[in-house]
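Scroll down for the structure; my scribbles are underneath it.
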Amino acid sequence: MVKESLTRGSDFQKENRQRLIKMYENSPLSTEEKLINFGLYMRSSYLASVLFLDEMYQKILPVPGVIMEFGVWWGANLALLQSLRGVYEPYNYTRKVIGFDTFEGYPDLMQQEDKDSKYLFKGNYSVSENYIDYLNEMMDYHEAENVMPNKKKFELVKGDVTHTLPKYLEDNPQTIISMVYFDMGLYAPTKAALQAIQPYLVKGSILIMDELNFPDMPGETVAVREVFGLTKYRIERSKYTPDRCYIVIE
Ligand SMILES: C[S@@+](CC[C@H](N)C(=O)[O-])C[C@H]1O[C@@H](n2cnc3c(N)ncnc32)[C@H](O)[C@@H]1O
């Protein structure tokens with residue numbers, strides 16, 4: 001079934017996606033064939049997300065620093081970012097990809113700023129038990145596909161980012177951040193993370209905001225407005241998706 005809380009399409013699109021799910025389940029391709037013919041199943045909206053990540057990655061090529069994602073879910077963005085590093089800068093072992101998530105979905109506490117949202121409720125975007133182990137192995141697999149597999153270039157950090165990020169930054173004082181993907185959608189952790197990363201940004205760093213100007217999840221926009229204001233830095237939208245925006249630190 002297409003999950004109501006996970007899809008943002010019209011009724012027609014949801015029905016059509018049900019067809020895709022059925023065709024995927026009843027596919028005449030073997031698993032191996034499916035993996036090398038993935039374009040057969042990839043929706044244009046997902047392709048746009050991949051192109052968007054590519055657009056962002058190309059912007060940070062001259063910028064030093066790690067990539068962080070706040071709100072990992074199953075980790076597709078992290079794996080794609082790791083593959084983009086393999087494509088564009090396979091020898092840049094300093095470009096670590098670091099994912100932060102509770103790996104238990106949304107926590108209970110919703111602030112006033114998050115309003116009533118059909119997407120924001122306790123446990124939404126939760127993953128299976130011990131999923132972090134599976135994702136670690138998947139990231140390890142992708143690392144092994146590319147050069148320098150002996151150098152670990154990814155990290156997964158479990159817990160509420162409000163607590164785990166300050167500790168990570170304290171434990172890693174060498175940190176410079178070239179790109180952050182904000183995708184928690186909530187006011188409080190987004191604000192806390194925006195504040196925590198500020199001393200670690202450089203000119204050219206990119207902050208990707210997944211839910212900016214999104215009426216169903218106003219908390220992210222409120223957090224950006226309170227921490228940076230809306231005019232201090234250039235905020236641009238991607239040419240590939242109607243909703244994704246990024247802030248360029250200048
Ligand atoms: C929309 S999902 C992320 C989707 C993912 N970026 C993707 O594109 O596939 C939001 C994620 O934020 C995580 N999250 C929410 N509040 C959090 C917090 N305080 N600390 C860490 N992760 C949090 C949830 O567990 C969930 O996995």
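Residue-wise test of (1) closer than 24 Å to L207 by Cβ; (2) basic (K, R); (3) in the same structural domain as A188 (by TED's automatic domain parsing); (4) under 22 Å from the mean Cα position of the chain (by Cα).
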{"site": "E15", "(1), (2), (3), (4)": "no, no, no, no"}
{"site": "E25", "(1), (2), (3), (4)": "no, no, no, no"}
{"site": "S30", "(1), (2), (3), (4)": "no, no, no, no"}
{"site": "V50", "(1), (2), (3), (4)": "yes, no, yes, yes"}
{"site": "I98", "(1), (2), (3), (4)": "yes, no, yes, yes"}
{"site": "D101", "(1), (2), (3), (4)": "yes, no, yes, yes"}
{"site": "E104", "(1), (2), (3), (4)": "no, no, yes, yes"}
{"site": "K115", "(1), (2), (3), (4)": "yes, yes, yes, no"}
{"site": "E129", "(1), (2), (3), (4)": "no, no, yes, yes"}
Members of segment 153-178 found to be in a strand (DSSP E or B) and surrounded by fewer than 17 Cβ atoms within 10 Å (Cβ to Cβ), listed by number:
K158
When you check M184 against the structure, is it touching a residue at least 24 places away in the same chain (Cβ under 8 Å), on the phi < 0 side of the Ramachandran plot, within 16 Å of the ligand (Cβ to nearest atom) and part of a loop (DSSP other than H, G, I, E, B), yes or no?
yes
Restricted to segment 72-91, and to residues that are away from the ligand (no atom under 11 Å from the Cβ) and not in a helix (DSSP H, G or I), which residue is farthest from Q58 (Cα to Cα)?
Y91
If a residue has to be hydrophobic (A, V, I, L, M, F, W, C) and without any contact (Cβ under 8 Å) to a residue 60 or more places away in the chain to count, how many in segment 105-122 make the cut?
0
I need every pair where a residue in segment 123-150 that is without any contact (Cβ under 8 Å) to a residue 40 or more places away in the chain has its Cβ under 8 Å from the Cβ of a residue that is within 14 Å of the ligand (Cβ to nearest atom) and among the polar types (S, T, N, Q), sequence separation at least 6 or different chains.
Y134/S128
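Looking only at segment 159-181, count how many residues are within 10 Å of the ligand (Cβ to nearest atom) and β-branched (V, I, T).
3
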Among the residues of segment 92-119, how many are within 9 Å of the ligand (Cβ to nearest atom), surrounded by 14 or more Cβ atoms within 10 Å (Cβ to Cβ) and not hydroxyl-bearing (S, T, Y)?
7
Consider segment 223-247. How many of its residues are in contact with a Phe, Trp or Tyr (Cβ under 7 Å, 6 or more places away or on another chain) and open to solvent by less than 20 Å² (accessible area, probe 1.4 Å)?
4
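The values are calculated or read from the model by the stated rules, or taken from the named source; none is laboratory data. A quick note: this is a predicted structure, and the numbers were derived from the prediction, not measured. Cβ: placed from backbone, ideal geometry, glycine included. Neighbour counts: every protein chain shown. Surface areas here come from the heavy atoms of the whole protein model, side chains and all, with no ligands, DNA or RNA. Shrake-Rupley method; radii C 1.70, N 1.55, O 1.52, S 1.80 Å.
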